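Chemist: If you scroll down you'll find the structure; I have some questions about it.
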Amino acid sequence: MNFDETIDRRNTNSAKWDGMAAATGVTAPDAIAMWVADMDFRAADFLQDAVQGLIEKANYGYFTGEQSMKEAVSWWMKNRHGWDADPEAMTSTGGLGNGIAICLHTYTDPGDEVIIFTPVYHEFTVKINKTGRVVKESPLVIDNGIYRMDLAALEASLTGREKVVLFCSPHNPAGRVWTRDELRALADFCVRHDLLLISDEIHHDLVLPGFTHTPLPVAAPEIMDRLVMMTSASKTFNIAGARLGVVTIPDETLRKPFAGAVRGIDLSPNLLGCVLSEAAYSPRGAQWVDALTGYLDTNRQIFLDGMAQIPGLSAMPMQSTYLAWVGFANTGMDMDEVIRRVKGDARIAPSIGADFGSGGEFYLRFNIATSKAQLQEAVARLQNAFSDLQ
Ligand SMILES: Cc1ncc(COP(=O)(O)O)c(C=O)c1O
């Protein structure tokens, strides 16, 4: 568990590093990748042991280990989140993005509206558009420096074309950990307006000290008949390349069409995703996550303190994730100039706030899941790039 090691991941087919130039236009040889939600840490020992176990078996043929993976998911959800997740209610997908797309195809028709709370993980909009559904944005409001949902404004804007709420909990970007009351209010809203609630909880383990994530089935058990839960070990353990998402649908009637859609496109769980997820959702995995969130909390402090020293920048307080959401509205610069300085002068590739929908226009998102040394270098470069601000 040496998170302090700075690892050069260039030339490893890492999307974050080797795909940086194509995706972000940042090409400097010493550029720092702070965009996609992928961590720079070395894979944990228990993951390496699991891969070693596979190598020793020397068999990569058709695979029957899905059930034990689901039982490990169930164990983890109960032990870490107090949620009784029934393995029988789980369906595997090829990652959660894939799970979201299948959900939209299964539960909505082209032209139906899908509510998202913006700014939010940009792929929500991409998936909604790609499937021919329509995005309905419900802008988050900033209250005491943090995001809150404005359900009253959303309620006033409903047209009846809305079929689904696609929810991110904890929230990406900005890492809001929704409170039980907020979750209950959303659940109640979905009941009143007959909406399906798809809760993407992929970041649920990356909660910083002092905050507690509440899964929707725990906060609002009465809405099981309209709830689709999306989880994956991919963010927590940095195994996104193994492409496994787990979609848990407690209500059998609701689950059947989803499971049918997955079978219909002949999607079956891949061996590596199952083996890594099962190894992750274990007591050793729990210890590792506790150490990781402690490290991320220190990184949070380093990064937010560093940003606070640049006049005009306002980073939102982080409650979870390793994604810092930094506002530039008060610098007096337009975002083209901000981005030129960050990408050009600081040689840093962030995610662009405008891609996250309304409310993101004056923000950049920085991924701080890297070694302290590299993070400090990034902070110094940003301070330098904006050193003329007083
Ligand atoms: C909220 C959220 N959902 C889904 C994903 C993507 O998941 P996957 O890689 O399993 O498709 C991400 C990745 O950053 C995410 O932040």
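Chemist: Counting only Cα atoms, I'd like the Rg/Rh figure for region 237-282, Kirkwood definition for Rh.
Modeler: Result: Rg/Rh = 1.04.
Chemist: Related question: Shape verdict for region 266-390, please, from the Cα gyration tensor: rounded (a/c under 1.5), prolate (a/b greater than b/c) or oblate.
Modeler: Here region 266-390 falls in the prolate category.
Chemist: Then there is this: Which length gain, in nm to one decimal place, applies between Gln301 and Ala153 when the Cα-Cα distance is subtracted from 0.36 nm times their residue separation?
Modeler: 49.9 nm
Chemist: Output the Cα-based Rg and Dmax of region 60-282 in Å, rounding Rg to one decimal and Dmax to a whole number.
Modeler: When restricted to Cα atoms, region 60-282 yields Rg and Dmax of 16.7, 54 Å.
Chemist: Which percent, nearest 5, of DSSP beta bridges in region 60-282 are antiparallel?
Modeler: If we restrict to bridges inside region 60-282, about 35 percent are antiparallel.
Chemist: Same structure again: Using only C-alpha positions, report the orientation-averaged shadow area of the convex hull of region 44-155, nm², one decimal.
Modeler: Taking a quarter of the hull surface, the average projection is 11.1 nm².
Chemist: Separation between the Asp251 and Val191 pseudo-spin-labels, each 7 Å from Cα along Cα→Cβ, expressed in nm?
Modeler: Output for this residue pair reads 1.2 nm.
Chemist: May I ask you to order 108-114, 32-38, 62-68, 120-126 by the average number of other C-beta atoms within 10 Å around their residues, highest value first?
Modeler: Result, highest mean first: 32-38, 120-126, 108-114, 62-68.
Chemist: Additional query: At 7 Å along Cα-to-Cβ for each site, give me the label-to-label distance between Ile265 and Asp86 in nm.
Modeler: Calculated label separation equals 2.6 nm.
Chemist: Given a Förster radius of 25 Å and the C-beta distance between Arg9 and Val126 as r, what FRET efficiency does 1/(1 + (r/R0)^6) yield to the nearest 0.05?
Modeler: 0.50
Chemist: Among 128-135, 141-148, 357-364, how do they line up by average Cβ neighbours within 10 Å per residue, starting with the highest?
Modeler: Those peptides, ordered most packed to least, come out 357-364, 128-135, 141-148.
Chemist: Figure the gain on full extension for Ala329 and Phe211 (residue separation times 0.36 nm, minus the Cα-Cα span) and round it to one decimal in nm.
Modeler: The span from Ala329 to Phe211 would gain 39.7 nm if fully extended.
Chemist: Of all alpha-carbon pairs in the chain, indicate the percentage at a distance above 28 angstrom.
Modeler: Of all Cα-Cα pairs in the chain, 46 percent lie more than 28 Å apart.
Chemist: Restricting the count to DSSP beta bridges whose residues both fall in region 63-156, what percent are antiparallel, rounded to a multiple of 5?
Modeler: Taking every DSSP beta bridge within region 63-156, about 35 percent pair in antiparallel fashion.
Chemist: Would you list the P(r) distribution for region 192-284, with all Cα-Cα distances sorted into 10 Å bins from 0 and each bin expressed as a whole %?
Modeler: Calculated P(r), rounded to whole percents: 14, 39, 36, 10, 1.
Chemist: Amide H of Glu162 versus every other amide H placed in the peptide plane: which residues, excluding those fewer than 5 positions away on the same chain, fall under 5 Å?
Modeler: Amide H neighbours of Glu162: Glu113.
Chemist: Tell me the relative contact order for the chain as a rounded percent, counting alpha carbon contacts under 8 Å between residues six or more apart.
Modeler: Value for the chain: 24 percent.
Chemist: Using the Karplus equation 6.51 cos²θ - 1.76 cosθ + 1.60 (θ = phi - 60°), what ³J(HN,Hα) coupling, rounded to whole Hz, does each residue of region 323-332 give in order, writing x for Gly and Pro?
Modeler: 10, 8, 10, 10, x, 10, 4, 8, 7, x
Chemist: Something else now. Translational diffusion coefficient of region 246-330 at 4 °C, 1.567 mPa s, Stokes-Einstein with Kirkwood Rh over Cα pairs, in µm²/s as a whole number.
Modeler: Calculated translational D: 76 µm²/s.
Chemist: Continuing with this model, one more query. What residues qualify as long-range amide H neighbours of Tyr121, i.e. H under 5 Å apart, gap of 5 or more or another chain, H built at 1.01 Å from N?
Modeler: Asn172
Chemist: Between their Cα atoms, which of Lys130/Lys256; Lys163/Lys256; Lys16/Lys78; Lys70/Lys136; Lys78/Lys127; Lys16/Lys57 are more than 26 Å away from each other?
Modeler: In this structure, Lys16/Lys78; Lys70/Lys136; Lys78/Lys127; Lys16/Lys57 exceed 26 Å between Cα atoms.
Chemist: Something else: Could you order peptides 286-292, 348-354 by the average number of other Cβ atoms within 10 Å of their residues, highest first?
Modeler: 348-354, 286-292
Chemist: R0 = 25 Å: FRET efficiency of Met1 with Ile55, Cβ-based, nearest 0.05?
Modeler: 0.65
Chemist: Just the number, please: percent antiparallel of the DSSP beta bridges in the chain, rounded to the nearest 5.
Modeler: 50 percent
Chemist: Can I ask one more? With a bin width of 10 angstrom, please list the P(r) values of region 1-104 as percents of all Cα-Cα pairs, from the 0 bin to the one holding the largest distance.
Modeler: Histogram of Cα-Cα distances, whole percents per bin: 11, 25, 35, 25, 5.
All of the numbers you see were taken from the coordinates with simple rules; none came from a lab. Worth saying up front: this structure is predicted, and the values here are computed from it rather than measured. Here the Cβ is made from the backbone with ideal geometry for all residues, glycine too, and neighbour counts use every protein chain on show.
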